Amino acid sequence: QQQELFILEKMLTNKQLTLSEIELVLPALFHVNSMKDSSLVYLSEKGANFLGYEKEEIMPFSAEQLATIVTEDTLTHITPRFVEFYQEEDHYKVLSAFQQINQKGKEGYEWVYTTTKIYKGLNAPISLSIPVKQMGQLSQQLTGLLEDNLFIKKHYQKFASLTKQEREILKLVVMGVRRQHISDQLHISIHTYDTHRKNI
């Protein structure tokens, strides 16, 4: 994606391609945001279809309206990285991140992998987004890893508060080791095991 963005920028600069022609060439979702307020300047037809909107309906989307398309987690952890990236105005840098996207009329969210660079000609960020589901065999593994990462982020403080022995017990419980075996293995009484288990 990074290489594609540099090639696209060169083709746009040399007027070999227009924004609307890019979507005919790329399988990815293509969009341009405003450097000033992150509002949507341009979105490919594929992008609008993926989100569940008509192109004319979504094109004037403000930063506030775009915030409704991403999940709270993406808004909190990922969006600030993009805003900071825009503010750097470094035309040679590229930023990539996984985002959770809400599709109009659908429950839950979809993971997309977005790569962005600042295009000198427009002085605006141009981005390619690929839905993780379109990544073939990798998609299930990636989705699993991303969901695990979210779970860890959400529960890390709780995990960090466990004692060393509680973590060891948790590991053995997850592995399916029985209560008596854990007690024997860690040289603790059943009562102590039960107390740790209750704390966990």
Q) Here are VAL25, VAL41, VAL32: which of them is among the aliphatic types (A, V, I, L, M) and free of Cβ contacts under 8 Å to residues at least 12 places away in the same chain? A) VAL25
**Q.** Search result, residues across the range 16-37 that are open to solvent by 50 Å² or more (accessible area, probe 1.4 Å), among the aliphatic types (A, V, I, L, M) and either more than 17 Å from THR115 (Cβ to Cβ) or assigned to a loop (DSSP other than H, G, I, E, B) (or both)
**A.** LEU24
Q: Return a yes/no flag: does the range 147-156 have any residue that is open to solvent by less than 70 Å² (accessible area, probe 1.4 Å), in a helix (DSSP H, G or I) and touching a residue at least 60 places away in the same chain (Cβ under 8 Å).
A: yes
Q. Looking only at the range 105-125, which residues are closer than 19 Å to ILE58 by Cα, modelled with pLDDT of 90 or more and surrounded by 12 or more Cβ atoms within 10 Å (Cβ to Cβ)?
A. TYR109, GLU110, VAL112, THR114, PRO125
Q. If LEU5 passes every condition in (1) surrounded by 13 or more Cβ atoms within 10 Å (Cβ to Cβ); (2) over 22 Å from the mean Cα position of the chain (by Cα) but one, which one does it miss?
A. (2)
Q: For the range 48-66, state whether one or more residues are surrounded by fewer than 16 Cβ atoms within 10 Å (Cβ to Cβ), charged (D, E, K, R) and on the phi > 0 side of the Ramachandran plot.
A: no
Q: Would you please list the contacts, defined by Cβ atoms under 7 Å and residues six or more apart or on different chains, that run from a residue in the range 57-79 that is part of a helix (DSSP H, G or I) to a residue that is among the β-branched types (Val, Ile, Thr) and surrounded by 15 or more Cβ atoms within 10 Å (Cβ to Cβ)?
A: THR79/VAL70
Q) If you check TYR42 against the conditions, is it closer than 20 Å to ILE130 by Cβ and not in a helix (DSSP H, G or I)? A) yes
Q: Of all residues in the range 4-29, count the ones that are under 17 Å from TYR86 (Cα atoms) and of a type in the set (A, V, I, L, M, F, W, C).
A: 2
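Within the range 116-133, identify whether any single residue is under 26 Å from GLN3 (Cβ atoms) and in a helix (DSSP H, G or I), and answer yes or no.
Checked against the condition, which is being under 26 Å from GLN3 (Cβ atoms) and in a helix (DSSP H, G or I), the range 116-133 yields at least one hit.
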Q.
Return the residues of the range 27-44 that are of a type outside the set (S, T, N, Q) and either in contact with a strand residue (DSSP E or B) (Cβ under 7 Å, 6 or more places away or on another chain) or modelled with pLDDT of 85 or more (or both); say none if nothing qualifies.
A. ALA28, LEU29, PHE30, HIS31, VAL32, MET35, LEU40, VAL41, TYR42, LEU43
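The values are calculated or read from the model by the stated rules, or taken from the named source; none is laboratory data. Owing to the predicted nature of the structure, the values given are computational and were not obtained by experimental measurement. Backbone-built Cβ (ideal geometry, glycine too); neighbour counts: all protein chains shown. Keep in mind that these areas ignore ligands, DNA and RNA; they rest on the heavy atoms of the full protein, side chains included. Shrake-Rupley method; radii C 1.70, N 1.55, O 1.52, S 1.80 Å.
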